[in-house]
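Just so you know, all these numbers are worked out from the coordinates, no wet-lab data involved. Owing to the predicted nature of the structure, the values given are computational and were not obtained by experimental measurement. Positions of Cβ are generated from backbone atoms using ideal geometry, with glycine treated the same way; all protein chains shown enter the neighbour counts.
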Amino acid sequence: MPDRSYRHLVYRPQQIPHRYGKNVHVLSDPVLVSRVLKLSLPETRGIEGGQLLCAIYRTLIHVVMAAEFPRASVSVLTRMARSAPDAVWSGEVIDPETRAVTVGVARAGLLSSQVCFEEMGLLLGERNVRQDFLMAERKVDRRGRVRGAIVSGAKVGGSYEGRIVLFPDPMGATGGSLDLGIRFVRAQAGGDAIAKIIVINLVVTPEFLRRLRAEHPNVIVYAARLDRGRSSERALRSLPGARPGEEFGLNEHGYIVPGLGGLGEFLNNAEH
């Protein structure tokens, strides 16, 4: 007889309270926050930083799959059935027929996308998982201020129809690159029939969340940390999202404060 304990699994990730809307999930996880902090420290080196990033994204993709992926009820014989014919496990699991695509956004989002690709592949099987690639470049003016982004290259491996599409892009700063990436994906074959789009960030800013909510209200966001270091004292004392006119996380050049300090350059040992 099936065990009722696993008939319907309830999963709700711990989150910080906010007013950014129901599609935004900023996790309340001390291990994640500690790892993101260590990744930002001056003494952390590139190889160690890459290992930290992988550890963080293994947790993030676990949360996303548990919270957002469809479920299926199964009854399966285990290997124990060779000696115990009643060795059948029954319960609810992630639907193994779920189809997903992770989009690696160069440069900082390549490693995180690879982690998501591998973790989903272990659960869903390789035939249901795909990894696409997008090269998005920031447009910067003479003063070094970010003025948008352009797609300079892409590799799309098939249709997006019926698939869950993930953007594991670590730094949710201005939202320009993600806005561009989402529009690009929706313009491809099957882009008008995507099951859902989920953005998975290390760090997000209020500016990033406001832009995504305005431009792509149905997109779901999961983040390890919210940075709003350029906000007023009154905003910092308030619930996140409660005072949008006073809540900011970017400096004049479009970089996150306190942030991580050029993650793409750091991970790849690049000067710029």
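What to note about this one:
- Relative to the dominant Cα principal axis of the chain, helix 30-40 is inclined by about 40°.
- Positive-pole candidate from TYR255, LEU52, ALA193, dipole of the chain, charges at beta carbon: TYR255
- In this calculation the C-beta distance from ARG142 to TYR6 is compared with R0 = 51 Å, giving a FRET efficiency of 0.25.
- Most positive-pole-ward Cα, PRO85, PRO42, MET65, against dipole of segment 41-106 from beta carbon charges: PRO85
- Charged-residue dipole, Cβ positions (Lys, Arg, Asp, Glu), segment 96-206 about Cα centre, Debye nearest 20: 560 debye
- For segment 164-185 and segment 200-252, distance of Cα centres in Å: 15 Å
- Simple rule: put +1 on each Lys or Arg Cβ and -1 on each Asp or Glu Cβ in the chain, find the dipole, and look at SER152, PHE133, PHE117; the Cα lying farthest toward the positive end is SER152.
- Mean residue ellipticity, 222 nm, helices only, the chain: the sum of -39500 (n - 2.57) across DSSP H runs of n ≥ 4, divided by residue count and rounded to 500, is -9000 deg cm²/dmol.
- Matching the structure-derived P(r) over Cα pairs in 10 Å bins from 0, in percent against the labelled list (1) 7, 32, 39, 19, 3, 0; (2) 6, 28, 34, 20, 8, 3, 1, 0; (3) 6, 25, 29, 22, 12, 5, 1 gives the label (2).
- Counting charges near VAL101 (Lys, Arg +1; Asp, Glu -1) among other residues having Cβ under 11 Å from its Cβ returns a value of +1.
- With the cut-off at under 18 Å, measuring from each backbone N in segment 185-205 to a point 7 Å along the Cα-to-Cβ line of LYS22 picks out 196-199.
- Cα-based reach from LYS38 at 13 Å (exclusive), listing aspartates and glutamates while leaving out same-chain residues under 8 positions away: GLU48
- Dipole magnitude of the chain about its Cα centre (Cβ charges: Lys, Arg +1; Asp, Glu -1), debye to nearest 20: 500 debye
- Virtual spin-label span in nm between VAL33 and ARG45, 7 Å along Cα→Cβ: 3.0 nm
- Once C-alpha pairs closer than 8 Å and six or more residues apart are averaged by separation and normalised to the residue number of segment 1-160, the relative contact order reads 17 percent.
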